[in-house]
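Peer 1: The structure follows.
The values are calculated or read from the model by the stated rules, or taken from the named source; none is laboratory data. No experiment lies behind these values; they were computed from the predicted model shown. Note that each Cβ is placed from the backbone with ideal geometry, even for glycine, and that neighbours are counted across all protein chains shown.
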Amino acid sequence: MEFLNLGEVRERAPELRRALDQLLRNRALVSRVDAAQWQFLRLCLDRTLGESSAPVPWGTLQAAQYKFEIETKLRRLYLRGGEPLPFIFRLVSRRDAQRHQLVADANYPETAGYHLLVRERRDPSVEIVESLVVTREYIEMVVTSCIDAEFDAYKALPMIDVEKLHRYFAIDGPAYRDVLHLLQRHAARGWVLTNFGNPSTKRLLAINVKEIRPDHVVVRTTEYWYLRWWGTMENRYCYPYRETNTHTYILKQVGERLVVVENIMPPPISSTPHRR
């Protein structure tokens, strides 16, 4: 993936300003254009173009939070498709830029420790897969959202709602088939988590991106799940699942998205042998 060098960025300053204005008018991305993270992004562009030497009014922790919010929202927008955008904006830390040799010019401006890099999207069919795959924050977001989607699907019972699952699971993969099978089985039994006072919950305790390869990504998590299944036919609690497990997620690129294909986990220890 090639980014514009500093000279090219400054030569195309009017185009880049129009592109950023176009992004910030997109309501799918921005709800409040005066929000601090978008002010931070504008300042990054101003400083990159050499049009501002204003000090950064945010501390290190605030800047890191704004960077994460901006990158997360931009990736979702870029992945959504629709009208092709002329430029891809990336905020990259000084350390990562040096490690991956993304910035050749030692004088390339930075803002609070971050470089604003720009890639021209010459071919709309060429997506940002390379940057998505190597971005650990994005990978962690996919796995976290996958866990949330699975829990929400269980809470939707007795209705089987797989819309959220389709966003984060490969629908032909074993992880999706396992969850769907469990939903169908519990729906037939009349088991739910929505009775009054049901204490069911889940927590992601740890997450670690273990491998990033061209054809797959491996993520290891530690998760706590407490699912106290209520039987609507029996009118009582029928089965408690309460486990803290290590999960291994295998993710692959499917079309324009990174999705979970496998969720490998040990059999229950404290519960009878049912998955969830």
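Peer 1: What are the pairs with Cβ atoms under 8 angstrom where one residue, in the range 20-41, is farther than 17 Å from residue 72 by Cβ and of a type outside the set (Gly, Ala, Ser) and the other, located anywhere, is part of a loop (DSSP other than H, G, I, E, B) and at pLDDT below 90? Sequence gap at least six, or different chains.
Peer 2: Within 8 Å, the pairs are 22/85; 25/33.
Peer 1: Please go through the range 26-53 and pick out each residue that is more than 24 Å from residue 3 (Cβ to Cβ), not in a helix (DSSP H, G or I) and not hydroxyl-bearing (Ser, Thr, Tyr).
Peer 2: 27, 28, 32, 33, 34, 35
Peer 1: OK, next. So, in the range 166-196, how many residues would count as being surrounded by fewer than 18 Cβ atoms within 10 Å (Cβ to Cβ) and among the hydroxyl-bearing types (Ser, Thr, Tyr)?
Peer 2: Final tally of qualifying residues: 1.
Peer 1: Under 7 Å between Cβ atoms, which residue pairs at least 6 apart in sequence (or on different chains) link something in the range 173-195 that is assigned by TED's automatic domain parsing to the domain that holds residue 160 with a partner that is surrounded by fewer than 16 Cβ atoms within 10 Å (Cβ to Cβ) and among the hydroxyl-bearing types (Ser, Thr, Tyr)?
Peer 2: 190/232; 192/232
Peer 1: State which residue is modelled with the lowest pLDDT when the search covers only the range 135-146 and only residues that are closer than 17 Å to residue 250 by Cβ and either more than 12 Å from the chain's Cα centre (by Cα) or surrounded by fewer than 17 Cβ atoms within 10 Å (Cβ to Cβ) (or both).
Peer 2: 136
Peer 1: Sticking with this structure for a sec: Do you know which of the residues in the range 1-25 that are outside any helix (DSSP H, G or I) and touching a Lys or Arg at 6+ places or on another chain (Cβ under 8 Å) is surrounded by the most Cβ atoms within 10 Å (Cβ to Cβ)?
Peer 2: 3
Peer 1: Residues in the range 228-242: is at least one farther than 21 Å from residue 159 by Cα and in a strand (DSSP E or B)?
Peer 2: yes
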